[in-house]
Amino acid sequence: MKITKNSFIELNGRERAYAVLDKGTFRELLGPFDRMKSPHLEPQGIVPENDDGIIVARGTIDGESAVVISIEGCFQGGGIGEVSGAKIAGAFELALRDNENGTKTRPVLLFNTGGVRLQEANYGLLSIAEICAAVVALRQYVPVVGVIPGMIGSFGGMSITAGLFSTLIITREGRLGLNGPEVIEQEAGVEEFDSRDRKLIYQTIGGTQRHAAGFVDVLAEDESDEITQAVQAAFERGLQAAPRSSQVNRYLKLLKAVNPSKPFGPEDLRALWKKAEGSNAEIDAHQSTSATSTEANHTSKNRGRKWFEALTGIANPTKSDVPSVLSADGTLGNERVRYIAVVPNPKNRFPRARGGEVGLEEGWSIAKFVRDAIEEDHDGSRRAIVAIVDTPSQAYGYKEELLGIHQSCAGAADAYAAARLAGHPVIALIVGNAISGAFLSHGLQSNRILALNDEGVNVQAMSKESAARVTRRTIDELEEATKKVPAMAYDIRSFATLGALHELIDGVNADDPREKDIKVIVDKLLGAIADTRSGSNDLQNRLTSYEACHGGRLASIDVREKLKDQWN
Amino acid sequence: METLHYEYQGNKPLERRAHVGVVASGDLEILFEPSDDLSTKVKIRTGSEGFAEIWKKVLDRFFAMNDVAARIEINDFGATPGVVSMRLAQALEVSRDHENNEK
């Protein structure tokens with residue numbers, strides 16, 4: 001066994017940032033003495049930390065202006081809440097401003113996180129969407145470099161974020177996956193994934209496997225110098241032609257070659273990936289007779305499908321290889337619109353995605369429909385894209401993690417963000433559930449979010465059972481905490497108080513849309529599209545809304561203002 | 001969670017502020033800052049309730065051995081008395097070691 005001389009993993013979050021920056025250049029922004037704590041933990045009886053678990057440091061890397069953000073995994077599992085999320089998003093937004101103004105500030109994120117901090121739930125989701133938006137925008141100017149040293153790794157929404165990065169560096173001890181092993185076990189059963197089997201976990205989502213299967217770029221030893229040099233080298237290489245999250249056809253083709261009803265393990269994926277790298281045409285598509293069935297019997301019609309049919313007038317859109325993702329074009333007034341919805345498909349060839357979840361093929365298919373529209377409108381006027389949102393969750397499963405569902409979700413998020421940046425008005429219409437990784441992939445990168453004011457419309461980061469297990473609380477304790485922190489509540493009216501909704505729409509029949517309901521929604525969509533066309537192409541409106549400024553996002557705004565003051 | 005307050009007299013003003021530790025399981029975060037007068041005020045937030053007497057003993061011992069006037073904030077996630085004593089000593093050391101503090 002090799003003895004490491006200067007372990008990077010054993011460094012705490014602050015020491016990791018020191019190590020990556022050029023010697024003597026470390027300058028911390030919003031450090032512990034600024035006391036920018038989370039305002040949401042103490043009311044729940046949880047001891048806060050003065051930096052909220054995020055170290056933002058300015059300095060230089062190889063002599064060039066840089067910002068290094070390090071997540072302290074030992075505080076609340078590196079979970080992303082309102083303040084911690086705003087520190088990351090705000091720092092990336094300022095790095096973007098620098099790059100837009102000609103200063104090539106180099107952005108680095110040192111991951112060590114379980115994803116959304118469940119005690120702040122929807123604040124985590126909103127923050128991660130804002131981080132993703134900044135990464136996609138920044139990546140146009142400068143490589144965005146991530147390190148996943150371990151021991152936690154990067155999970156949940158932050159694995160989707162990682163999937164957007166230009167370069168990812170991992171150690172053997174690092175892990176990268178969307179759903180944590182405990183959550184998969186809770187949601188899908190121990191037969192699907194045994195969270196106590198450490199060997200299984202590392203063989204599926206550990207650094208060595210992720211590198212062999214192409215989900216990360218560099219496999220580094222746990223040596224501080226080696227990691228620092230790998231970061232420098234990533235910037236020296238400069239901008240890459242096509243980030244992983246934009247390689248839609250490559251990944252769809254890879255998935256086509258997998259037969260989900262047969263055993264498929266880490267070695268199989270390595271072989272398949274190697275083959276795919278060698279020659280683009282060599283992968284044989286797995287033929288499945290049931291996969292292309294687009295039959296939708298009435299009982300399986302969820303709200304997503306009903307609203308898709310109501311708005312497009314089309315029951316069975318263009319035959320697609322992935323029948324669970326619907327897409328069709330229509331017109332609203334003078335606006336051309338592409339509608340996209342994810343719907344249940346009881347015959348989905350990936351069994352874990354039969355209930356309308358965003359699974360492996362769903363994420364990449366969304367990306368394809370969005371990117372096709374960007375391509376088709378390249379020289380002309382940019383059509384609007386409407387994401388009809390009613391998804392129970394991302395798909396929880398062993399094969400999902402092995403085949404990189406985080407990357408699939410990143411593919412979808414990247415496509416929506418790219419469309420927004422290209423000038424397509426992107427509107428999310430929430431008619432049912434908007435949950436966790438599924439919402440991050442399909443909805444949260446929109447310029448504007450509309451939601452029906454209805455009991456069946458929910459936004460949340462994790463089911464109560466899983467959240468209770470992960471945070472070691474009872475469901476009763478969770479419900480009690482929800483009363484103090486609206487971001488933990490699931491109902492859409494609580495979500496609306498956070499200020500991210502463009503409009504909460506009253507008086508519409510969500511389950512059975514009739515002509516008058518459709519007319520209301522058409523008007524609201526046209527209003528949101530017009531509003532977008534006259535506004536900016538980022539997500540700033542979520543922080544400037546009345547609700548955001550009057551309580552919903554006060555800490556998010558405060559963090560950004562203070563970061564700006566301390567930036568130079 | 002409970003919040004505890006303690007006060008001590010000190011004659012030597014703290015030279016410069018110091019921050020050590022993480023609010024991690026079995027660990028704690030300590031902030032030392034210069035105080036306006038020759039008193040030391042300690043504010044503790046701890047996730048483990050009912051240990052006020054033990055906190056007092058650990059602090060009594062620390063200030064009996066170290067004469068310092070400072071404003072001290074502690075955020076604790078179940079650190080043992082041994083870890084608390086070590087972190088307090090470390091914070092004082094960092095506040096006196098200019099180079100280390102400016103690293």
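The values are calculated or read from the model by the stated rules, or taken from the named source; none is laboratory data. Keep in mind it's a predicted model, so treat the numbers as computed, not measured. Because the Cβ atoms are built from the backbone with ideal geometry, glycine has one as well, and the counts that use them run over all protein chains shown. Only protein heavy atoms, including side chains, enter the accessible area calculation; ligands, DNA and RNA are left aside. Shrake-Rupley method; radii C 1.70, N 1.55, O 1.52, S 1.80 Å.
Just a few scattered comments:
- Beta bridges assigned by DSSP with both partners in region A:25-247 are antiparallel in approximately 40 percent of cases.
- DSSP bridge pairs, region A:422-568: antiparallel proportion in percent, nearest 5: 10 percent
- Fraction of beta bridges assigned by DSSP in the protein assembly as shown that are antiparallel (%, nearest 5): 45 percent
- The largest accessible area among B:Ser25, A:Ser324 belongs to the first residue in B:Ser25, A:Ser324, and the rest follow in falling order (1.4 Å probe, all chains).
- Pairwise Cα inverse-distance average, inverted: Kirkwood Rh of chain A (Å): 23.5 Å
- Computed 3J(HN,Hα) for region A:119-126, one whole-Hz value per residue from the Karplus formula 6.51 cos²θ - 1.76 cosθ + 1.60 where θ = phi - 60°, is 6, 10, 4, 5, 4, x, 4, 5, glycine and proline marked x.
- Here the mean projected area of the convex hull built on the C-alpha positions of chain B is 5.9 nm².
- A simple rule links phi to the HN-Hα coupling: the Karplus curve 6.51 cos²θ - 1.76 cosθ + 1.60 with θ = phi - 60°, which for region A:196-212 gives 8, 8, 5, 4, 4, 4, 5, 5, 8, 10, x, x, 4, 5, 4, 6, 5 Hz, with x for Gly and Pro.
- Two-decimal log10 I(q)/I(0) for region A:54-109, as the Debye equation yields it once each C-alpha is a single scatterer, q = 0.31 Å⁻¹: -1.21
- Nearest-0.05 FRET efficiency for A:Ser320 and A:Asp523, computed from C-beta distance (R0 25 Å): 0.25
- Rg and Dmax [Cα atoms of region A:153-211; Å; Rg one decimal, Dmax integer]: 11.7, 35
- Degrees, to the nearest 10: B:52-65 long Cα axis against longest axis of chain B: 20 degrees
- Once Rg and the Kirkwood radius are both taken over the C-alpha atoms of region A:298-552, their ratio Rg/Rh works out to 0.95.
- Prolate/oblate/rounded label for region A:74-223 (Cα gyration tensor, a/c 1.5): oblate
- Förster radius 22 Å - calculated FRET efficiency between A:Met151 and A:Lys5 (Cβ-Cβ, nearest 0.05): 0.75
- Point-charge dipole on Cβ atoms (K/R +1, D/E -1) for region B:2-101, about Cα centre, debye to 20: 100 debye
- Within 10 Å of each Cβ in A:40-47, the average number of Cβ atoms from other chains: 4
- Annotation for region A:417-508: GluC sites (Glu not before Pro) lying in DSSP loop with at most 14 further Cβ atoms inside 10 Å of their Cβ are A:Glu455.
- Percent of Cα-Cα distances greater than 18 Å, calculated over region A:113-179: 37 percent
- Under 5 Å between amide hydrogens, built in the peptide plane, is the criterion, and for A:Ala328 it picks out A:Tyr339 among residues at least 5 positions away or on other chains.
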